[in-house]
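The values are calculated or read from the model by the stated rules, or taken from the named source; none is laboratory data. What you are looking at is a predicted structure, and each value in this text was computed from that prediction instead of being measured. All Cβ positions, glycine included, derive from the backbone under ideal geometry; neighbour counts span all protein chains shown.
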Amino acid sequence: MPDLTRLKRIYLYDDPESAGLNVLDLAGYLAARLPDVEVSPRSDYFTHHLARFAEEQQDMLVQELEKQLSSFEIEDAILPEDRGKAPAEPTEDLDLGAIYDATGLQAALKLLLPPEESGADHLHIVFTDHCIADWDLAARRMRIRIAALGQPTVISTSGLIEAPEKPKQYHFMRAQLAFLGQEEALDEVEGHFSDTTLGYADPRLNEVLKGYVLKAAFYRMFNEAACRVQSCRLFDAATHEEMLEAQTGRRPGLCHRHAEMLTKAGGEVE
């Protein structure tokens with residue numbers, strides 16, 4: 001069993017742009033899993049942490065943050081279906097808005113943390129609708145991801161939709177409709193695969209996010225977050241179908257090993 005770092009406080013930061021995100025619900029879920037930890041939902045990250053500075057300081061900090069965030073925007077990335085077979089595409093062609101280097105974004109966010117909230121017994125979880133990416137060693141290119149674990153943890157709600165692989169038939173049908181000039185029918189494809197893929201503003205979004213906030217806590221407590229058991233909330237899902245099965249299946253929860261680890265941390269299993 002890995003060594004345990006005990007948590008005292010977890011903070012969850014809202015993102016108004018992420019349709020379907022409910023940080024109050026997620027905070028309640030984490031509080032139930034870790035009853036000895038104080039879990040606090042907060043407004044969005046920048047609004048909360050800039051509020052403690054004077055107005056002039058806020059203006060300077062905003063300018064510096066904008067400069068840093070701009071430097072962490074990546075120019076090209078690969079989607080999951082293109083891994084290993086296609087060159088990285090310019091981000092402007094992916095139609096996903098600004099995509100940030102996950103490590104750089106974490107470093108920029110960390111600068112705003114006050115010293116009293118920066119200890120190993122604190123965890124900050126930041127939600128964003130922006131996509132994040134990191135270096136894929138196998139593909140040797142930047143790849144879109146769901147989460148960057150650490151302090152703070154960054155979870156991309158757009159990444160939940162864009163990072164896992166969708167069924168091959170999904171891409172085939174979309175390509176076929178585009179070839180036939182029937183772009184207006186593309187929404188029908190989304191509906192056809194709605195049971196096996198997560199979509200934007202999906203009512204299942206918060207249920208899926210439970211697994212990722214739990215990953216963030218496990219990583220902070222045990223320096224471990226991935227699981228090979230497909231029914232475990234910590235399963236490192238590669239596809240939408242795997243992700244939905246782990247997070248919204250008949251009895252979502254932890255595998256035996258990770259349930260024992262949670263109990264060791266004074267937690268409660270679902």
Quick check on my filter: what residues within region 230-255 are touching a residue at least 60 places away in the same chain (Cβ under 8 Å) and under 13 Å from Tyr212 (Cα atoms)? Ala237, Met243
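Can you find, within region 46-79, the residue that is farthest from the chain's Cα centre (by Cα) among those that are of a type in the set (S, T, N, Q) and exposed (fewer than 14 other Cβ atoms within 10 Å of the Cβ)?
Keep residues of region 46-79 that are of a type in the set (S, T, N, Q), which gives 47, 57-58, 63, 68, 70-71.
Applying the additional criterion that residues be exposed (fewer than 14 other Cβ atoms within 10 Å of the Cβ) yields 47, 57, 63, 70-71.
Details: Thr47: 20, Gln57: 30, Gln63: 26, Ser70: 20, Ser71: 21 Å.
Among residues in region 46-79 that are of a type in the set (S, T, N, Q) and exposed (fewer than 14 other Cβ atoms within 10 Å of the Cβ), the one farthest from the chain's Cα centre (by Cα) is Gln57.
Lys168: under 30 Å from Ala31 (Cα atoms), of a type in the set (D, E, K, R) and either surrounded by fewer than 14 Cβ atoms within 10 Å (Cβ to Cβ) or at pLDDT 65 or above (or both), yes or no? Talk me through it step by step, then tell me what you get.
Details: under 30 Å from Ala31 (Cα atoms): no; of a type in the set (D, E, K, R): yes; either surrounded by fewer than 14 Cβ atoms within 10 Å (Cβ to Cβ) or at pLDDT 65 or above (or both): yes.
In short, no.
Of all residues in region 1-45, which are of a type in the set (A, V, I, L, M), in contact with a strand residue (DSSP E or B) (Cβ under 7 Å, 6 or more places away or on another chain) and exposed (fewer than 13 other Cβ atoms within 10 Å of the Cβ)?
Just the residues of region 1-45 that are of a type in the set (A, V, I, L, M), to begin with: 1, 4, 7, 10, 12, 19, 21, 23-24, 26-27, 30-32, 34, 37, 39.
This time we only want the ones that are in contact with a strand residue (DSSP E or B) (Cβ under 7 Å, 6 or more places away or on another chain), so: 7, 10, 12, 21, 23-24, 26-27, 30-31, 37, 39.
The one that is of a type in the set (A, V, I, L, M), in contact with a strand residue (DSSP E or B) (Cβ under 7 Å, 6 or more places away or on another chain) and exposed (fewer than 13 other Cβ atoms within 10 Å of the Cβ): Leu24.
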Select from region 196-238 the residues that are at pLDDT 95 or above, within 26 Å of Val37 (Cα to Cα), part of a loop (DSSP other than H, G, I, E, B) and among the aliphatic types (A, V, I, L, M) and list them in ascending order. Leu234
